[in-house]
Each structure stands twice: as C-alpha cells, then as structure tokens.
1. Filter segment 24-45 down to the residues that are under 12 Å from the mean Cα position of the chain (by Cα) and of a type in the set (A, V, I, L, M, F, W, C) and list them by number.
2. Given the criteria β-branched (Val, Ile, Thr), out of contact with any His (no Cβ under 9 Å at 6 or more places or on another chain) and under 24 Å from residue 27 (Cβ atoms), does residue 74 qualify?
3. Just to verify a result, which residue in segment 30-54, among those that are open to solvent by less than 30 Å² (accessible area, probe 1.4 Å) and not aromatic (Phe, Trp, Tyr), is nearest to residue 80 (Cα to Cα)?
4. Among 106, 68, which is assigned to a loop (DSSP other than H, G, I, E, B) and modelled with pLDDT under 90?
5. Give segment 13-29 a look and list any residue that's in a loop (DSSP other than H, G, I, E, B) and within 14 Å of residue 80 (Cβ to Cβ), or say none.
6. Can you tell me which residue is nearest to the chain's Cα centre (by Cα) among those in segment 66-92 that are open to solvent by 50 Å² or more (accessible area, probe 1.4 Å) and of a type in the set (D, E, K, R)?
Amino acid sequence: MAEDRNKNTVLLDLNNEVFQENWLDLDKGERDRVTNTLRKLRQLTWDQVYRDQGLKWEKVVSIEPPKGIDAIYTLRITQARRATAYRDGNFIRLLSIAPDHDAAYGKK
C-alpha cells in the first residue's frame, strides 16, 4: 500500500523560468506561503490534489495549451494567488504565478 502511494506522489518541476521569476519577485511573506504550498504538494498523491478544496485544481478552458500538453490547470498557490501548471506523469510542471485570480485564466 505504501509503495502504491509513493508511485502516485506528486513530484515538483520548478524549472520554468517564468515561474521562478514570479516566485522570487514576491515579497517574503507571499514567497513563504508559496513555499508552504509546494511542501504540501510534495506530500500529496494526485488523487488528493484533485480533491483538495484548498488547492482548487481547475482546468483552464480559456487558454489553448501548447502542443504536446493536454490541458493547462490552475491551483491556489496562496490565498491571493493562483499558479498555472500542467500534469506530466507524476510531475506537476509549474508555469507561472498569476498576480490575481483573473490573470490565471487569461482574462487580463
């Protein structure tokens, strides 16, 4: 059972330049909240991510995903901000941190 859980545990990909820039440009308090969410994600399985009401994993239909990516999603990375990401196997590939809720959905 524990082995199955480890196989489905979320792995983080933080190597996107835009995501890194967005994260590092935040004030210290907000940066720390992002870090706490990333720590939380590392402890979850994908099923838990989908059901977690705090993260609110949502498909973005207003943005066409790049070739080779099925869909772009948003998740609540802090109380005030959402991150865009996509799933690639067990990896969550983080793309950006939006300055507000609407921007994450391509509305601004």
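The values are calculated or read from the model by the stated rules, or taken from the named source; none is laboratory data. Small disclaimer: the values here were computed from a predicted structure and weren't measured. Neighbour counts are summed over all protein chains in view; Cβ atoms, including those assigned to glycine, are modelled from backbone coordinates with ideal geometry. What goes into the accessible areas is simple: the full protein's heavy atoms, side chains included, and nothing from ligands, DNA or RNA. Shrake-Rupley method; radii C 1.70, N 1.55, O 1.52, S 1.80 Å.
1. Scanning segment 24-45 gives 34, 38, 41.
2. Against the criterion (β-branched (Val, Ile, Thr), out of contact with any His (no Cβ under 9 Å at 6 or more places or on another chain) and under 24 Å from residue 27 (Cβ atoms)), residue 74 does not qualify.
3. So the first thing to find is which residues in segment 30-54 are open to solvent by less than 30 Å² (accessible area, probe 1.4 Å), and the list is 30, 34, 37-38, 41, 44-46, 49.
So of that shortlist, the ones also not aromatic (Phe, Trp, Tyr) come out as 30, 34, 37-38, 41, 44-45, 49.
Values: 30: 9, 34: 11, 37: 13, 38: 15, 41: 18, 44: 22, 45: 24, 49: 19 Å.
Result: 30.
4. Values: 68 fails: modelled with pLDDT under 90.
Just a single option satisfies the conditions, and that option is 106.
5. Start the filter on segment 13-29 by keeping residues that are in a loop (DSSP other than H, G, I, E, B), which leaves 14-16, 25-27.
Of everything in segment 13-29, those that are in a loop (DSSP other than H, G, I, E, B) and within 14 Å of residue 80 (Cβ to Cβ) turn out to be 26, 27.
6. Filtering first and then ranking leaves 76.
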